[in-house]
Amino acid sequence: GDAAARRRLWARSGVLTDLVSTTCAAVGVAPASNEPAADDAGEQGGSWQRAAREGVPVHVTARDLRRHPDAWMAAVDAWPAVLVVASPLLLDAVADRFAGRVAAVCTDGAPGPVALDLLARLRAAGATLRFLADFDQAGIAVGAQLAQRLGAAPWRMSAEVYRRSARSDLPPLGGRLDEVPWAPGLAAAMAQAGRSVPVEQLIDEVLADLEAELATPSGTQARAEGH
């Protein structure tokens with residue numbers, strides 16, 4: 001219906017109409033070279049790295065990736081992975097609670113070309129990627145894409161977590177769900193309960209789990225597998 005909507009449609013198909021209008025929100029990540037950050041960080045008077053260390057969210061554009069064509073890195077490592085989330089609300093909550101401790105990238109639904117490019121560079125630089133999305137068909141599809149294309153692993157995306165979270169007042173699941181290769185039993189659990197679980201409904205639990213993992217590093221591996 002308008003130019004912005006057309007740009008978003010092209011971006012979902014992997015086509016950028018320009019280098020500045022499509023962005024990827026992130027926190028705790030930066031190019032390996034220490035150049036001035038984007039406006040969000042620039043207003044703080046610092047570099048990309050400073051913004052990352054201080055937990056200032058930034059909006060990475062295709063132009064930023066072109067200006068810094070080599071490695072991008074997680075500038076904080078208290079949590080030993082980059083958390084890939086589909087929800088801007090969750091990214092905002094992580095930035096507020098864990099500024100300078102947890103690196104995260106937001107796909108805002110299905111990942112577009114800027115998000116995929118940024119995540120590929122982080123992975124190439126050695127970052128471990130873990131994803132968290134909605135428990136519905138679209139969220140499972142996002143997880144499958146991230147796992148197949150980028151080797152990302154699920155985090156809190158197990159049948160056990162879903163069963164604890166599904167409630168009768170949540171939206172109906174609708175449609176058929178194929179088996180989820182990275183989460184045995186999840187498709188069956190979702191089919192049985194028949195409810196979608198938006199990740200925004202789980203923000204308090206997600207933050208509590210991250211806090212627990214930061215406090216007890218020995219528990220990170222078990223939770224990283226989705227439990």
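The values are calculated or read from the model by the stated rules, or taken from the named source; none is laboratory data. Owing to the predicted nature of the structure, the values given are computational and were not obtained by experimental measurement. Here the Cβ positions follow ideal geometry from the backbone for every residue, glycine too, while neighbour counts run over all protein chains shown. To get the accessible areas, we keep the full protein, side chains included, count just its heavy atoms, and leave off ligands, DNA and RNA. Shrake-Rupley method; radii C 1.70, N 1.55, O 1.52, S 1.80 Å.
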Does segment 104-227 come out rounded, prolate or oblate, given a ≥ b ≥ c as the square roots of the eigenvalues of its C-alpha gyration tensor, rounded meaning a/c under 1.5 and, failing that, prolate meaning a/b above b/c?
oblate
In whole percent, the fraction of accessible protein surface over segment 153-221 that belongs to carbon or sulfur atoms, probe radius 1.4 Å, stands at 52 percent
Accessible solvent surface per residue of segment 87-197, calculated while the other protein chains remain in place, 1.4 angstrom probe, Å²:
43 Å²
Put +1 on the Cβ of every Lys and Arg and -1 on every Asp and Glu Cβ in segment 72-227; which of 94, 115, 198 then has its Cα farthest towards the positive end of the dipole?
115
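Output the relative contact order of segment 92-227, whole-number percent, from Cα pairs under 8 angstrom with separation of 6+ residues.
Numbers: 157 pairs, mean separation 34.7, N = 136.
Reported as a whole number, the value is 26 percent.
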